[in-house]
Each structure stands twice: as C-alpha cells, then as structure tokens.
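Just below is one structure, and these are the notes that go with it.
Since every read-out is calculated from the coordinates, none of them should be taken as a lab result. Quantities reported herein were computed from a predicted structural model and do not represent experimental measurements. Note that each Cβ is placed from the backbone with ideal geometry, even for glycine, and that neighbours are counted across all protein chains shown.
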Amino acid sequence: MSIKIGIILGSTRKSSNTKGISKYFESILKTNEEFKNIKIEIIHLTESFGHPLPFELENEIPQSKSNLKENLPNEYSNLLIKNWSKTISNWNGLIIITPQYNWGYPALLKNSFDHLYYEWNNLPFGLITIGGHGGSKVFKQLSEILEGGLKMKLINKDNNLQINLPKKYIISSEEDRVKGDENWLKDYKQDFEELIQDLLQTIKERRNEENVEL
Ligand SMILES: Cc1cc2nc3c(=O)[nH]c(=O)nc-3n(C[C@H](O)[C@H](O)[C@H](O)COP(=O)(O)O)c2cc1C
C-alpha cells in the first residue's frame, strides 16, 4: 500500500534554513524502513514547478465549487490553480515545515491554502515550525486556520514539533544557512518519527473507514 505525503515548505527565501532542515527530515523518511511505502512530494512555494501561485484569487469562492474531488480541477479557470488542485488531491497527508515571519505565517503559505477548499477538507497534517523560539505563534495561527477554516486534521496538536533555530543561522550570510547535516538536528529525530507514525496511523484508519462504507 503506497502513501503519498506532500511536504510544503513555508519559506519564501532562496537561501533558506527551512530548506536545509527539510533535507534532514527527508533523509529520515528515505532511510527508516518503517517509512518505505511513503512517497513524498516537496513543494517550495517560489521554486517548485507551478509556483509561486498568483495572489489574485478567482471570483467564485472555492467553497462554492463542486465538492466531488474528480470534478474539482476543472472548476478553476487558471491552469496553475487547476494543477495545484490536482496535486493536493493526490496526497493522503501533508507535512508543513514553516518558519515564523514577524510573529506570523509567510504570506505565500497562506495564499497557497486560500485558492482551494474541498481539496484540503479532512486532509491529515503535521505542523513543524521554525523560529528563534520555535515559532510558537505561527504554530497557533496555522492550527486555527487549517483546522477551523479549512477543516483539516492536525496530527500533533499536543506534541508540537517546534524547532529552536540557533541565532547564528538567523543572522548568517547566505552560504552559512542550515545544510541538513548539523548534529543539533538529531534532537528532533524522535519527535519527527513519531509525527510520521501518527500521520500514517490516521491515514490507515481513514482508509479502513472508507472501505467499511463501500
Ligand atoms: C521576514 C522575517 C521575519 C522573521 N520573523 C521572525 C519572528 O517573528 N520570530 C522568530 O523567531 N524569527 C523570525 N525570523 C527569523 C527566522 O526564524 C529565520 O530567519 C529563519 O531562518 C527563516 O526561515 P528561512 O530561512 O527558511 O526563510 C524572521 C525572518 C524573516 C526573514
């Protein structure tokens, strides 16, 4: 049984600490036998194919579209949004790895959610935040928006994975950003593995429920 997980990186900087941190987590997903059935798709909000998405939204609100997943991409007139809709509909779960910008979420990250609605509903997700103090404010804001506004299912509600970025990386020059092989990243290994185990468990339970209903 293969499982596809999207990983959205909230950073909108080319030379980004989030990118380096995500490389470390990617290496865990690739080497841990337990996760061998997981396929991942990483989205960088300015660099991945089809991004950045426009800031201008379509005139009809996403909540008024058809809620049938197979019809959804055709409901959008902009090709970038059609493709974004298809991308999300192919995911069984999502991990967001995001820095905190000025006590909040990066604008392009919020924008990437606002274009769609039914594609996000019920999607289980884990939230990893980054900041000098773990990015607790962006954790709180995004949890509320994604669970409340978009009816997504947060996995690590009581077990926040918040990364305390050492100050030297915050003020570093471009070439001295996190690479992904730093020793301090290992402090987050167990929490990350538990987060992925919880995500897998939720995806499996959901599949079982869907089979029962058929
Ligand atoms: C525009 C901007 C605003 C920031 N605001 C905060 C903040 O509110 N709290 C915090 O702990 N760090 C803040 N930082 C520091 C970031 O946590 C740090 O630069 C991190 O590396 C940003 O992720 P990135 O390198 O992937 O873009 C901010 C950084 C930027 C670029």
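log₁₀ I(q)/I(0) of the stretch 102-214 at q = 0.10, 0.14, 0.15, 0.21 Å⁻¹, via Debye over equal Cα point scatterers, no solvent, to two decimals?
Cα-only, vacuum Debye calculation for the stretch 102-214: -0.38, -0.71, -0.79, -1.25.
Rounded to the nearest 0.05, what FRET efficiency do Asn32 and Ile170 give with R0 = 30 Å and r taken as the Cβ-Cβ distance? Could you check? Provide the component values of the computation, followed by the final result.
Details: r = 29 Å, r/R0 = 0.98.
Computed FRET efficiency for Asn32 and Ile170 comes out at 0.55.
What whole-number distance in Å separates the alpha-carbon centres of the stretch 138-214 and the stretch 41-98?
The stretch 138-214 and the stretch 41-98 have Cα centres spaced 21 Å from each other.
Where does helix 189-213 land angle-wise versus the long Cα axis of the chain, in degrees 0 to 90, nearest 10?
10
Going by how many other Cβ atoms sit within 10 Å of their own, how do Ile28, Ile88, Ile81 line up, fewest first?
Result, fewest neighbours first: Ile28, Ile81, Ile88.
What's the local net charge at Tyr101, with K and R +1, D and E -1, over the other residues with C-beta under 11 Å away?
Around Tyr101, the charge tally is +3.
Counting each DSSP H run of 4 or more residues in the chain as -39500 (n - 2.57), what helix-only mean residue ellipticity at 222 nm follows after dividing by all residues, to the nearest 500 deg cm²/dmol?
Mean residue ellipticity at 222 nm (helix-derived): -10500 deg cm²/dmol.
Take the cross-link list Lys36/Lys167; Lys39/Lys82; Lys4/Lys167; Lys4/Lys110; Lys65/Lys186 and give me the ones stretching past 32 Å between alpha-carbons.
Checking Cα-Cα distances, Lys36/Lys167; Lys4/Lys167; Lys65/Lys186 exceed 32 Å.
If you rank Thr202, Thr129, Thr46, Thr31 by fewest surrounding Cβ atoms within 10 Å, what's the result?
By the 10 Å Cβ count, ascending: Thr31, Thr46, Thr202, Thr129.
At 7 Å along the Cα-to-beta-carbon direction for both Asn74 and Gln197, put a label point, then send me their distance in nm to one decimal.
4.4
Based on other C-beta atoms within 10 Å, arrange Lys65, Lys39 from fewest to most.
Result, fewest neighbours first: Lys39, Lys65.
Just grab the label-to-label distance for Ser15 and Lys82, each label 7 Å out from Cα along the Cβ direction, in nm (one decimal).
The modelled label-to-label distance comes out at 3.9 nm.
For the chain, what percent of Cα pairs sit more than 23 Å apart?
Numbers: 10409 of 22791 pairs.
So the pairs more than 23 Å apart make up 46 percent of the total in the chain.
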